1. Probe of 1.4 angstrom, ligands and nucleic acids ignored: what's the accessible area per residue over the chain, in square angstrom?
2. For a quick protection proxy, order the peptides 351-364, 302-315 by their average other-Cβ count within 10 Å, most packed first.
3. In whole percent, how big is the carbon plus sulfur part of the accessible area of the chain, probe 1.4 Å, protein atoms only?
4. Compare the Cα positions of Val373, Pro255, Tyr61 along the charge dipole of the chain (+1 at Cβ of Lys, Arg; -1 at Cβ of Asp, Glu; about the Cα centre) and return the one farthest towards the positive end.
5. Below 24 Å, Cα to Cα, which lysines can Lys132 reach? Residues fewer than 8 away in the same chain don't count.
6. If the cut-off is 12 Å between C-alpha atoms, which aspartates and glutamates fall inside it for Lys94, apart from same-chain ones fewer than 8 positions away?
7. Got a sec? Charge dipole of the range 150-286, +1 on Cβ for Lys and Arg, -1 for Asp and Glu; which of Ala242, Val217, Val191 is way out at the positive end?
8. Within the chain, which DSSP H helices have Cα atoms that stretch 15 Å or more along the helix axis and a mean Kyte-Doolittle hydropathy of at least -0.5?
Amino acid sequence: MAHKFKQIRFVFSVLVLAVLTASCQIGRQYTRPDIKLPTTLADEESTDSASLADRSWTEVYTDSILQGHISKALKYNKDMLMAAARVKELAEMKRIDYAKMFPSLDLRIYAEKEKDNYGGDNPSDDNQFDLKANISWELDLWGKLRWARDASMAEFMASIENQRAVQMSLIAQVAQAYYELVALDNELSIVRQTVTARRESEHLAKIRYEGGLTSEVTYRQAQVELSRTATLEPDLERQITAKENELAFLTGEYPHHIERSPLPQELNYLDSLPVGLPSSLLERRPDVREAEQKLIAANAAVGVAYTSMFPNIALTANLGAESEELKDLLHSPYHLLSANLLQPVFAMGKNRARHKAAKAAYERAVYAYEKTVLSAFRDAFDAIASFNKVKEIYRTRYELESSSKTALSLALVQYVNGAIGYMDLLDAQRTYLDAQIGLSNALLDSQLATVNLYKALGGGWDLR
């Protein structure tokens, strides 16, 4: 009885020691790198924390057809599905590293039926029946298991941020492809109208040539201009098909006709441009947060490598019964308690090299994080600058389109009346076509400026 009491006291002492040392986690705790941020995101000083990115993507992209395409992409896009599967994978991996911190219990049932007959005339049974429970526990004296748990948690959080980054990028991709498709439709419509006008001009030039009012050169030039404009049509149709296929791919579907709205004829521009504080960009952009989680994981990996150089203690307990006869199994108790201490002594510098490699990997992760932050601010400043200029560009191209249309109307009247030659009319037609396409591109640029700004500020990943 006294012997059993000593065993119980020994096990209890070990457990108390394990609990007392469980709070020890040797290594450098993570701190965010000190990055000097710009004082503002806009040209003017601003302390407003509100941002365009705080709005839901449904408030930014108000076209109901576009909203339908985005919703479909968020549900069926393969990159989104892969990112979601990655989150599930790392969630289970995190659970594995967390479970390693606790004792594990295995149950072993073993039966062996054996007969020996040494010499050929002395048969005997040599059976064995075992029923054992194995309990093993690695004591986390220095925090190695907790560092591994922290690393897996950070990797799991990085996968969540990656999923959000993929979602943010996907929304921007769908919106951009949709707006480009609508702009191509509008440009094709302009070209077709121009082809019709060129055909009328060619017919008029033919009449004037056959009537002896102009030379054959003028008539042939009208034919050349008609053919040149007509070649634009199949190329635009090819681009439209490719853009439809791109949108279908983004929504996880095979190529098919894409429903869309016509290009708006007026520019809807925000009266003010809320961009928020520079510090909020770090908290809002999921790619920056993903880079920081990877940095946290790299720091935890340094802790794992460092604590691996300290002694490792594992406790093992085997409890159960074993007997040569099955009927006597429950009457044959068996137990074994053991403790294993492993101290790395000599490994040709392998453990220290592993620690130095982990520190170098952490240093690389710091630079990767800083690069991501720099890239985020570059995107934001570029998007803000483009957004602030697109209104002026649209205004000048709108004025050019109006002036070119008026000039073409006057040139057509003067040409019919013989006041100007065909080349003057042709110059007016070319100028008006370029002005129409330029205005269409200005409308597209205004839409893309909103898409790029919304993405650069970190909007589009929160579905609330």
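The values are calculated or read from the model by the stated rules, or taken from the named source; none is laboratory data. Here the structure is a predicted model, which is why all the values come from computation and not from measurement. Counting neighbours? That spans all protein chains shown, and the Cβs are built from the backbone with ideal geometry, glycine included. For the accessible areas, the whole protein counts, side chains as well, though only heavy atoms, and no ligand, DNA or RNA atoms are used. Shrake-Rupley method; radii C 1.70, N 1.55, O 1.52, S 1.80 Å.
1. So the chain comes to 58 Å² accessible per residue, rounded to a whole number.
2. Descending packing order for the listed peptides: 302-315, 351-364.
3. Ligands and nucleic acids excluded, carbon and sulfur reach 57 percent.
4. Farthest towards the positive pole: Val373.
5. Straight-distance partners of Lys132: Lys4, Lys6, Lys100, Lys113, Lys115, Lys327.
6. Asp150, Glu155
7. Val217
8. 2-21, 64-76, 78-99, 144-210, 232-250, 286-307, 350-416, 422-456
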